[in-house]
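The values are calculated or read from the model by the stated rules, or taken from the named source; none is laboratory data. Just so you know, these numbers come straight off a predicted model, no measurement behind them. So basically every Cβ, Gly included, is an ideal-geometry build from the backbone, and we count neighbours across all protein chains shown. To get the accessible areas, we keep the full protein, side chains included, count just its heavy atoms, and leave off ligands, DNA and RNA. Shrake-Rupley method; radii C 1.70, N 1.55, O 1.52, S 1.80 Å.
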Amino acid sequence: MAYALWYWPSIPGRGEFVRLALEAAGVPYRDMAREQGAEALVRDLEARSGIRPFAPPYLVDGDFAIAQVAHILAWLADRHGFGAGELERDLELITLQLTVSDMVAEVHAVHHPIATALYYEDQRDAARQAAAHFRSERMPKFLGYFEDALGANDGPFVLGRKWSHADTSLFQLVEGLRYMFPQRMAAIENDYPRLLACHEAVAALEGVAAYRASDRCIAFNEDGIFRRYPELDGS
């Protein structure tokens, strides 16, 4: 039976990191809120109790629900063979995955540096300051870290010739940063040739290419995590 993936239906957001791995691996799933609407997601989440997802994305398999992107992907990788298959290496992949999550959180904090409950327009000045620091300091630090990790093995992927969930997540990270900071990424991305090679190799995976060419792939927009506000970009 197909997994049930619950995430907001109109943004790629954090759910896209899960979708890409599922699509690359050819694992069947249903994108529940896209089928049934955001209200169904809210109802499903509110109906859960005890040890339960705090927020989407979460994946449901029968009576079992698992949340948090890195946690979901590690679990799926173990079940469907797109991890390393060796404890120490799989823990290294999870380390990278959690660092992707750290960067994604910082990306969101760029346009919402004061409070997530406030509109962007209510914190625009603070966002300008946050974006300047993120572009100059945090982007090179994170991207340099991933570039170094990709040098551990010979091949376009973190594990070398075999793709893993870390690679599909790095692909989405590059895509999101190119959307949000086109000027900055154009200025610095060639400093990270291994990261770009990984991005290209993931894009060429049959399942990823087919998914991205379909209408199931949601475009970036200004309701998601990666948002294009020209005043926050710069070289």
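A compact table of results
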| quantity | calculated |
| --- | --- |
| Packing-based order for 13-26, 88-101, using average beta carbon neighbours within 10 Å, highest first | 13-26, 88-101 |
| Proximal charge balance of Gln129 [Cβ under 15 Å; K/R count +1, D/E count -1] | -2 |
| Within the accessible area of segment 1-152 (1.4 Å probe), percent carbon and sulfur | 51 |
| Relative contact order %, the chain, counting alpha carbon pairs below 8 Å whose residues are six or more apart | 23 |
| Label assignment, mean projected area of the Cα convex hull in nm² derived from the structure, set [x] 12.9; [y] 11.5; [z] 14.2 | [x] |
| Rounded accessible area per residue of segment 87-205, 1.4 Å, Å² | 46 |
| Cβ-defined net charge surrounding Arg79, 14 Å radius [Lys, Arg +1; Asp, Glu -1] | -3 |
